[in-house]
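Below you'll find the structure, written out as structure tokens, and then a few comments.
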Amino acid sequence: MLMSDSRPIRASIAGASGYGGGELIRLLHAHPTVEVVRLAAGEWSGRRADEAWPSLRGVVRTELGDAAPAELAEGADVVFMALPHGMAMDVAPAVLEAGARVVDLSGDFRLRDAEAYPRWYDRVHPAPELLGEAVYGLPELDDGSLREASLVACPGCYPTAVGLALAPLMADGAAGDTCFVDAKSGVSGAGRSPGERGAFAEANENVRAYGVPGHRHTPEMEQTVTAAAGRAVGVSFVPHVVPMTRGILATCQVPLEGPLDGERALGLLEERYGDSPFVRVDERLPETKATSGSNFCDLSVRVPDEGPEVAVVVAALDNLVKGAAGQAVQCMNLMFDLDEREGLWNLPIYP
């Protein structure tokens, strides 16, 4: 579907030199209904996109700019913000005021409580009035608000995997008040300039925990599972970086307070996501390679016949696609009344 005047959806990308921005360029270039009108990347300003991204050679030669908010919005229906945490909260208000819709990939509008930002993001939020207006961009758990949204806060990669894994069991009422999450991420999750955490010599043949205790994605996860449960739920979260480029694998242990066997647990996932094209529920345990380069999230669950009364839900996704740029495009599709699969219906790369 095109815009009402039979023209493409015009999009700008801020942060086009980072991994999220690069994935947005790749996905939107192939999107049948989108025209990218502006690419902004401060440190690469004045250079071409295919200099920042060798994969774009001979295909995308657009010059990267250092656009002010009004310039990002000029001629654009939607502005994707793939900026570091703490930047979009300064830019988004002016973009919205200029008349463009915003899809933000950072954490700047994900939390409902403005008082949480100094603790988790080291900043007082300059636009707290927008936190109540922002729609959380997890389409599979959306109540229809995305279609009317002017500002979308796309979830982080870990919260996407954990939210999708836990929401069905939380809504059923069998789960307890605390969940325990052990999650692994590829090094691209640290960003394009991650320092030692993403350096090959530091990451190769190594697995390390980080952000313990108190990773900034924790309150976002708790916000999602609390909404699904209809009561306060805590999340004990331990992330790890592992020597692979892409991928998230989240193993979620959920103590049970009500009767639940493995067949019923899998049925809860199937019932919740039966109409969701990008969530694949299967008896087989997920693996990251099976989702690489795609917008799919794979889920499965186990409940032991004996031992602790705990359900183990496992989720796998590509942190740069379903965990970032692909999810942002999926949200945009819904915002503009498109099929949510448009531009994203691609199979994973395997092996």
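So what is the calculated 222 nm ellipticity per residue for the chain, using -39500 (n - 2.57) for each DSSP H run with n of 4 or more, over all residues, to the nearest 500 deg cm²/dmol?
Numbers: 10 runs with 89 residues, N = 351.
Calculated from helices alone, the mean residue ellipticity at 222 nm is -7000 deg cm²/dmol.
Give, to the nearest whole percent, the P(r) tail of segment 158-318 beyond 18 angstrom, counting all Cα pairs. Can you show the working numbers first?
Details: 7427 of 12880 pairs.
Roughly 58 percent, rounded to a whole number.
Calculate, in whole percent, how much of the Cα-Cα pair population of segment 9-133 lies beyond 20 Å. Working shown, then result.
Details: 3253 of 7750 pairs.
In whole percent, the share of Cα-Cα pairs in segment 9-133 beyond 20 Å is 42.
Quick check for me: using +1 on Lys/Arg Cβ and -1 on Asp/Glu Cβ, what's the dipole size of the chain about its Cα centre, in debye to the nearest 20?
Working: 29 positive and 50 negative charges, 210 e Å.
It comes to approximately 1000 debye.
Take the chain, compute every pairwise Cα distance, and split them into 20 Å bins from 0; I just need the percent in each bin.
31, 59, 9, 0
By how many nm would the segment from residue 87 to residue 45 grow when fully extended, if each residue of separation counts as 0.36 nm and the alpha-carbon distance is taken off?
13.4 nm
If r is the Cβ-Cβ distance from residue 200 to residue 231 and R0 is 35 Å, what FRET efficiency results, to the nearest 0.05?
On the way: r = 45 Å, r/R0 = 1.27.
The computed FRET efficiency comes out at 0.20.
Each value in this text was obtained by applying a stated rule to the coordinates, not by laboratory testing. On a predicted model such as this, the values are computed, not experimentally measured, just so you know. Heads up, the Cβs are rebuilt from the backbone with ideal geometry, glycines too, and the neighbour counts pull from every protein chain shown.
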